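The values are calculated or read from the model by the stated rules, or taken from the named source; none is laboratory data. These numbers were taken from a predicted model, which means no experiment stands behind them. Cβ: placed from backbone, ideal geometry, glycine included. Neighbour counts: every protein chain shown.
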Amino acid sequence: MLSHLTSGSEVVLSVIAYSFCSGSLVLINKLILHYLPYPSLVIATQLLATIFIIYTLHCVQVVDIDPIRWKFVLPYLAYTVAFSVGVFCNMKSLSLSNVETVIVFRALAPLLVSVLDVAFLGREWPSPQSWGALALIGVGAYGYAA
């Protein structure tokens, strides 16, 4: 379908598609939370709907799903819990503040992650080019918020 795209145009298309999906989900979730102010219920419904869709696609043989094996589940359990807490915090902040605030904080998350990677995971500091990109993100978030 998209086999004619070069790697550069594929990256640009991926960034645009991700941005569109991410931005529209924030707006849709804010609208849902306006009428149903229960973030936990909204998240649980969305996650259960996702599981239902995946298993339905599996039953009609559109996708193939590997069986769940605890030896693979246990190493990712902490990540799953952290992801769930992050999604809940995002929904809770979305229910308590405006969309612009959530967008700015989500945009600034890579700045915090890059510092925490060094502090807790012993990774190297970002390269000058990465610092430039992070600075551009910060300037963009400031410009959006101002």
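Overview of results
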| item | result |
| --- | --- |
| Test result for residue 40, of a type in the set (Gly, Ala, Ser) and at pLDDT below 90 | no |
| Matching option when the condition is surrounded by 11 or more Cβ atoms within 10 Å (Cβ to Cβ), closer than 22 Å to residue 29 by Cβ, touching a residue at least 12 places away in the same chain (Cβ under 8 Å) and of a type in the set (S, T, N, Q), among 93, 97 | 93 |
| Pairs, first assigned to a helix (DSSP H, G or I) in the stretch 119-146, second among the small types (Gly, Ala, Ser), C-beta under 7 Å, six or more apart | 134/114; 137/107; 140/107; 141/107 |
| Residues of the stretch 27-39 classified as exposed (fewer than 12 other Cβ atoms within 10 Å of the Cβ) and either of a type in the set (Lys, Arg) or within 17 Å of the chain's Cα centre (by Cα) (or both), total | 1 |
| Residue match in the stretch 101-117 (condition: over 27 Å from residue 30 (Cβ atoms), among the charged types (D, E, K, R), out of contact with any His (no Cβ under 8 Å at 6 or more places or on another chain) and surrounded by 11 or more Cβ atoms within 10 Å (Cβ to Cβ)) | yes |
| Count of the stretch 41-62 residues which are more than 17 Å from the chain's Cα centre (by Cα) and either surrounded by 10 or more Cβ atoms within 10 Å (Cβ to Cβ) or assigned to a helix (DSSP H, G or I) (or both) | 13 |
